[in-house]
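Participant: Okay, handing you the structure first.
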Amino acid sequence: MYGLDLLPFVTYGELFPEGITRYAIGGLLIGLGVAVIYLGTGIIAGASTFLESTLSYVSGRSRFQQARFVASRDWRVVFTAGMVLGAAGYWFLVLNPVWDEGLAAAAWQTDVQPWRLLLGGFLVGVGTRLGKGCTSGHGVCGVGSFSGTSIANVATFLLVAIGTAQLVMAAGVTP
């Protein structure tokens, strides 16, 4: 078709060669955390909003000094720090090369160049601002509450991600 070969579909085994258990457990823990935060505070647990409320400590800009950020920033900064410390704890306890070289190599590996990871992170941040929220706010909380805006955002996230991945693969770009 127009000289462009369609990329083959991948099988379940190729997508999840180690099974889905870890993803299912992770999803259950995320859902539980979101439910606890919502039931305890009435606030949707989107990570981008948590970051903005944390920035209210260090920025005098009116965007970050909104009453909704300032009033809840103390516990939100604990949540934000918990995400960072959780990742650090996971690295230290599971991925740390001091503990087990084989486990560290198997658990974390990527061929993606560091500059591409940084650029991707930056673009995700830009997309978060453009989409007025992140995948945790829209994808976990918004879709779970049947928000039309969140469903449209998540569909857009997926379509753009799938399209970008297909274009990058078709162009022959390697990590």
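The values are calculated or read from the model by the stated rules, or taken from the named source; none is laboratory data. These figures come from a predicted structure and were not determined experimentally. Glycine also receives a Cβ, built like all others from the backbone with ideal geometry; neighbour counts cover every protein chain displayed. The accessibility values were calculated without ligands, DNA or RNA, using every heavy atom of the protein model including side chains. Shrake-Rupley method; radii C 1.70, N 1.55, O 1.52, S 1.80 Å.
Participant: Which whole-Hz ³J(HN,Hα) couplings does the stretch 158-173 yield from phi under the Karplus relation 6.51 cos²θ - 1.76 cosθ + 1.60, θ = phi - 60°, glycine and proline marked x?
Facilitator: Each residue's phi maps through the Karplus curve to give 5, 4, 5, 5, 5, x, 5, 4, 5, 5, 5, 5, 5, 7, x, 6 Hz.
Participant: Let me ask you something else. For the stretch 32-80, what is the accessible area per residue in Å² when the probe is 1.4 Å?
Facilitator: So the stretch 32-80 comes to 59 Å² accessible per residue, rounded to a whole number.
Participant: Right, next: At 7 Å along Cα-to-Cβ for each site, give me the label-to-label distance between Val36 and Thr174 in nm.
Facilitator: 4.5 nm
Participant: Tell me, what HN-Hα J-couplings in whole Hz come from the Karplus equation 6.51 cos²θ - 1.76 cosθ + 1.60 at θ = phi - 60° for each residue of the stretch 122-132, using x for Gly and Pro?
Facilitator: 4, 5, 5, x, 5, x, 4, 5, 5, x, 6
Participant: Scan around Lys132 for amide H atoms under 5 Å from its own, H built in the peptide plane at 1.01 Å from N, and keep only partners 5 or more places away or cross-chain.
Facilitator: Here nothing satisfies the definition.
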